[in-house]
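The values are calculated or read from the model by the stated rules, or taken from the named source; none is laboratory data. Given the structure is predicted, the values throughout are model-derived calculations rather than measurements. Please note: Cβ atoms are built from the backbone with ideal geometry, for glycine as well, and neighbour counts cover all protein chains shown. Each accessible area value is taken on the protein alone, full model and side chains, heavy atoms only, with ligands, DNA and RNA left out. Shrake-Rupley method; radii C 1.70, N 1.55, O 1.52, S 1.80 Å.
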Amino acid sequence: MKLDSIRKEYKFAELTRKSIDKNPFKQFAIWLNDALNSKANEPTAMSAISIGTDGFPQSRIVLLKGYNQNGFTFFTDYSSEKGKAIEKNNSIGIHFFWPELERQIRISGYAEKTSISVSDSYFQSRPITSQIAAIVSNQSEEIPNRQFLENRFFDLQDKLHGEIPERPESWGGYIVKPVKIEFWQGRESRLHDRILYEKKDETWVAKRLAP
């Protein structure tokens with residue numbers, strides 16, 4: 001099949017200034033709940049986009065683990081590529097795409113580390129195997145082979161004897177505090193609906209954008 005012949009018309013819903021909530025976080029909650037209720041594949045998955053230490057944009061999929069009026073939270077290894085990128089330049093974008101609902105949300109903001117208590121609490125809530133994996137994997141560093149990683153995993157698992165490990169200092173959360181939030185709803189003939197919220201002082205101002 002020729003790639004340029006692939007095309008889908010979007011007819012699921014519409015997005016208007018009257019139908020959208022004045023608070024972007026409330027609108028986000030509505031759309032996230034729609035994604036959860038529709039059984040969308042990986043509804044909390046989002047692309048986190050940062051400017052790498054080499055100057056190139058970097059994008060990777062992470063999972064949203066919480067949100068409130070302050071921002072959107074995910075967890076990672078602070079010494080990873082994304083952690084080093086954020087340390088150098090904390091401007092970040094996050095992007096949700098729910099093809100089942102023909103919707104996207106793009107968020108621009110600034111990433112800050114979560115508190116120690118928040119990072120500890122989430123780390124302890126993870127399955128112990130995930131905790132061990134976070135400890136033994138020096139994310140983004142070169143390793144000789146997979147066996148090297150698995151050996152480290154099983155060695156630590158044996159040493160712990162089922163005990164809960166402490167969270168490494170190099171692992172924790174980021175909260176992305178947004179300054180822009182855009183809601184995109186696919187429409188027919190590529191005349192998509194786009195509503196952008198921008199933060200002006202402490203107020204969110206919404207406007208419609210051309211597709």
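Points to keep in mind about this one:
- Of the residues examined, E42 is one that is modelled with pLDDT of 95 or more and either among the charged types (D, E, K, R) or open to solvent by 60 Å² or more (accessible area, probe 1.4 Å) (or both).
- I61 part of a loop (DSSP other than H, G, I, E, B) and either under 30 Å from I195 (Cβ atoms) or among the aliphatic types (A, V, I, L, M) (or both): no
- The one condition in (1) open to solvent by 70 Å² or more (accessible area, probe 1.4 Å); (2) at pLDDT below 95 that P144 fails to fulfil: (2)
- Single match in F123, F96 (criterion: surrounded by 13 or more Cβ atoms within 10 Å (Cβ to Cβ), of a type outside the set (K, R) and farther than 30 Å from D21 by Cβ): F123
- Residue in region 62-78 that is among the charged types (D, E, K, R) and over 18 Å from W184 (Cα atoms) present: yes
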